[in-house]
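This report refers to the structure that appears directly beneath it.
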């Protein structure tokens, strides 16, 4: 693990990382957001009872997540604009709530970890927005990077 922040210059100022000399490789990142909500909301999502919500919640969350991935560099100051090659967002309802897995791939000089995290986060926020009338107690319990490959350091959460 590095002891130096990559986005802070030697004089302590914020900076964008210079990726000019890095190798172009295929890079992939996977992030997962977890949501917890009431039994009532869980049942509506499981049964796809869209009349009780604002509309097709999970399909809308997928679209929002894709849009977010493509806008990451405009939201996070030091993210490079990237030619995204693939985005896969998979929501999965289970007995404990909802998982939203966002996988992003690019062939470039820098990775797509922030894009995957942004996609999963915005998809989760979209679910909250669309279901908040049913229950204001919906919470995002975690958003985390679960794997990344293709750069200098691969990562996989246990």
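Values in this text are rule-based calculations from the coordinates and carry no lab data. Note that the coordinates shown come from a computational prediction; the quantities given were computed from them, not determined experimentally. Virtual Cβ from ideal backbone geometry, glycine too; neighbours counted across all protein chains shown.
Relative to the present Cα-Cα distance, how much length would full extension add between residue 40 and residue 137 at 0.36 nm per residue of separation? Don't skip to the end; give the middle numbers.
On the way: separation 97, 0.36 × 97 = 34.92 nm, distance 1.15 nm.
Separation in residues times 0.36 nm, less the Cα-Cα distance, equals 33.8 nm.
Residues of the range 111-133 with amide nitrogen under 17 Å from the 7 Å Cα-to-Cβ point of residue 63?
Only 122-131 fall inside the zone, counting backbone N under 17 Å.
Just one of (i) 10.4; (ii) 9.3; (iii) 8.5 is mean projected area of the Cα convex hull in nm² calculated from these coordinates, so which is it?
Here mean projected area of the Cα convex hull in nm² agrees with entry (i).
Label-point separation (nm) for residue 156 and residue 86, each offset 7 Å from Cα along Cα-to-Cβ?
Between residue 156 and residue 86, the label points sit 1.7 nm apart.
Kindly express, to the nearest 10 degrees and within the range 0 to 90, the angle between helix 113-131's C-alpha long axis and the longest C-alpha principal axis of the chain.
20
Give me the one-decimal nm value for the distance between modelled label points at residue 75 and residue 129, 7 Å along each residue's Cα-to-Cβ direction.
Placing both labels 7 Å along Cα→Cβ, they lie 1.0 nm apart.
Multiply the residue separation of residue 149 and residue 9 by 0.36 nm, subtract the distance between their alpha-carbon atoms, and state the gained length in nm to one decimal.
So the chain would gain 47.8 nm between residue 149 and residue 9.
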